[in-house]
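Notes to accompany the following structure.
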Amino acid sequence: SLTKWTHTAQVYIPFAENEMGHRTVLHLEHFLGAADAFGSSDDVFLTERFYMGGSNLRGFSYRGAGPKQFGRPIGGEAAYTATAEISFPLIATRLENEIRDRELLRWVMFTDIGLLGLSSSDSTFGELRGSSGIGLRIEVPLLELPISLDLAWPWQCEESDDRRQFYFSVAR
């Protein structure tokens, strides 16, 4: 038996426009989550815990940041992650039979931060992880397939964290 709640918010703020009408956009995102066992349960099951690393904290391996036991991630019952990302249009074109230009390539700069703890009152929740980096957003028009390529450098990490500079994803 457990209770689990999450809150996610995203804001996109366009603030500059080029001569073709394509905008530079600031994207702010945050995630807050908590889980708590009650009744006959003593602990939140591993599959219901929160994890950091990969898409929510670039610069770290998938589930690579946060508490570990015997070298394996055990997640946490309290999590907070936030991202600030600014994206700039690079290449746009008008495809045949389309009315509007389509952005094929965007350049991004970002900073990700995260907190993950065994509980919100545990000292592990105060161990900040952070990374910054650059990336590309590629759209493959015929397949309607968005691809993200990111290079990130952790600037705040623990010795036990698994770090990875390159992050790749499809359909972000």
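Taking the criterion of being in a strand (DSSP E or B) and either among the aliphatic types (A, V, I, L, M) or more than 22 Å from the chain's Cα centre (by Cα) (or both), the residues of segment 24-46 that qualify are V25, L26, L28, L32, A34, A35, D36, A37. Remark: pairs (first residue in segment 18-46, over 23 Å from H7 (Cβ atoms); second residue of a type in the set (A, V, I, L, M, F, W, C) and open to solvent by 40 Å² or more (accessible area, probe 1.4 Å); Cβ separation under 6 Å; 6+ apart in sequence or on different chains) = T24/A16; T24/F88.
Screening F110 with (1) open to solvent by less than 50 Å² (accessible area, probe 1.4 Å); (2) hydrophobic (A, V, I, L, M, F, W, C); (3) out of contact with any Leu (no Cβ under 6 Å at 6 or more places or on another chain); (4) more than 19 Å from R163 (Cβ to Cβ) gives one miss only, at (4). Among residues of segment 123-137 being hydroxyl-bearing (S, T, Y) and more than 18 Å from the chain's Cα centre (by Cα), the one that is surrounded by the fewest Cβ atoms within 10 Å (Cβ to Cβ) is S123.
Only one of the listed residues (S160, S120) is surrounded by 14 or more Cβ atoms within 10 Å (Cβ to Cβ) and either polar (S, T, N, Q) or under 16 Å from the mean Cα position of the chain (by Cα) (or both). That residue is S120. Look at (1) of a type in the set (A, V, I, L, M, F, W, C); (2) modelled with pLDDT of 90 or more; (3) in a loop (DSSP other than H, G, I, E, B) and you find that I13 fails only one, number (3). Here's a check for you: in segment 16-29, which residue that is of a type in the set (D, E) and either in contact with a helix residue (DSSP H, G or I) (Cβ under 9 Å, 6 or more places away or on another chain) or loosely packed, with under 12 Cβ neighbours inside 10 Å (or both) is modelled with the lowest pLDDT? Checking each candidate, the answer is E19.
Tell me yes or no: at least one residue of segment 30-53 is of a type in the set (V, I, T) and surrounded by 15 or more Cβ atoms within 10 Å (Cβ to Cβ). Checking segment 30-53: at least one residue is of a type in the set (V, I, T) and surrounded by 15 or more Cβ atoms within 10 Å (Cβ to Cβ).
Kindly establish whether S1 is touching a strand residue (DSSP E or B) at 6+ places or on another chain (Cβ under 8 Å), farther than 26 Å from I113 by Cβ and open to solvent by 40 Å² or more (accessible area, probe 1.4 Å). Give the derivation first.
Numbers: touching a strand residue (DSSP E or B) at 6+ places or on another chain (Cβ under 8 Å): yes; farther than 26 Å from I113 by Cβ: yes; open to solvent by 40 Å² or more (accessible area, probe 1.4 Å): yes.
Yes.
The values are calculated or read from the model by the stated rules, or taken from the named source; none is laboratory data. Here the structure is a predicted model, which is why all the values come from computation and not from measurement. Positions of Cβ are backbone-derived with ideal geometry, glycine not excepted, and every protein chain shown enters the neighbour counts. Protein only, heavy atoms only, side chains kept; ligands, DNA and RNA dropped before computing areas. Shrake-Rupley method; radii C 1.70, N 1.55, O 1.52, S 1.80 Å.
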